[in-house]
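Below is one structure, written out as structure tokens; comments come after it.
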Amino acid sequence: MTDAAPVAPRRRRRSRSRRSTPLTIAMLAALAYFLLPLFWLLIASTKSTQDLFNSFGLWFSDAPQLLANVKATFTQDDGVFVHWLLNTVMYAGVSAVGAALLAAAAGYGFAKFRFRGDRIGFNLVLGAVMVPTTALAIPTYLLFAEAGLVNTPWAITLPSLVNPFGLYLMRVYAQDAIPDSILEAARIDGAGEARIFFTIALRLLAPGLVTVLLFTLVATWNNYFLPLIMLNDPDLYPITVGLSSWAAQAQNGGAGSSSDMLALVVTGSLISILPLVVAFLMLQRYWQSGLAAGGVKQ
């Protein structure tokens, strides 16, 4: 009792000494920088097109109409927004699951097996991380045009399955997360390499797998340029290209345009980010542990 009493004041003094006013201000500024666009989007989705230009941007108008905007968004052009949303879920879901599994298999192979050219191959992967995906869009289009895959769902999902950063992350994670002793014990018990990977390695790689899945899910969900050049059929559009076509109609007065089209674009943008927010809230604990993987070498 006599020794414990001075400990609490010392801890409180240390806690107070760690606080930094400049860092707190910088953190609040960063928080505002990221949250203000979302707040504006939430407020703007409750307004009509006229109120978007005639009212203060960061507060509600006198006549909020969120439900009317949501209903109009889902019923515009015979419900084409629902098609775009389902297309986006399919493109992003298939790409995320496929890219995560491929990255896990390749990362596990680079981390646990030694073969001729493994270092050169991994260095090529590191180099590919630096190449922006936009720079590869036109060559990818030419290849898919030769194969007859343009204007099909394959034109969106197949390029999204390749994720060099995910492979790098899984290689680093697998190096420490999977002890060699477990693999040797499984081989002594007669398990094949495929069974070891699917029954042992994948379970140990789960946090890193979810991290790659989330990264690919967000990248494919927000992908705009690749679907823009690959797809011509509006029924195959993802939500990014579909909302862009609505915005072009609202600005240029094209076919099907109306005075309310801009409000539908804003409301559609709000609806399109809700699945991503839900996915992050559900998987954030795996994502955080996956990002921390490899930070400390044991």
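Annotations
- Helix-only [θ]222 nm of the chain, DSSP H runs n ≥ 4, -39500 (n - 2.57) each, per residue, nearest 500: -22500 deg cm²/dmol
- Ordered from largest to smallest accessible area (heavy atoms of protein chains, 1.4 Å probe), the residues K47, K112, K71 come out as K71, K112, K47.
- All distinct Cα pairs of the stretch 36-116 go into the 1/r average, and the inverse of that average, the Kirkwood radius, is 16.5 Å.
- Long hydrophobic helices in the chain: the complete DSSP H runs spanning 20 Å or more by Cα along their own axis with mean Kyte-Doolittle hydropathy of at least -0.5 are 21-44, 80-112, 206-221, 261-292.
- Of the chymotrypsin sites (Phe, Trp or Tyr not before Pro) found in the stretch 123-229, those that fall in a DSSP loop while having at most 15 other beta-carbon atoms within 10 Å are Y224.
- Förster-model FRET efficiency, 45 Å R0, Y33 and I188, C-beta, rounded to 0.05: 0.25
- Charges were assigned to the Cβ only: +1 to each Lys and Arg, -1 to each Asp and Glu. The resulting dipole of the chain about its Cα centre is roughly 1940 debye.
- Chymotrypsin sites (Phe, Trp or Tyr not before Pro) lying in DSSP loop within the stretch 29-86, provided at most 13 other Cβ fall within 10 Å: F56, W59
- Note on V210: accessible area approximately 30 square angstrom, rounded to 10, probe 1.4 Å, nucleic acids and ligands left out.
- Here, the chain is characterised by an Rg to Rh ratio of 1.08, where Rg is the alpha-carbon radius of gyration and Rh the Kirkwood radius.
- D77 accessible area, assembled protein chains, probe 1.4 Å, Å²: 80 Å²
The values are calculated or read from the model by the stated rules, or taken from the named source; none is laboratory data. Because the structure is a prediction, the values reported are computed rather than measured. Neighbour counts are summed over all protein chains in view; Cβ atoms, including those assigned to glycine, are modelled from backbone coordinates with ideal geometry. Just so you know, the surface numbers come from the protein's heavy atoms only, side chains and all, with ligands and any DNA or RNA stripped out. Shrake-Rupley method; radii C 1.70, N 1.55, O 1.52, S 1.80 Å.
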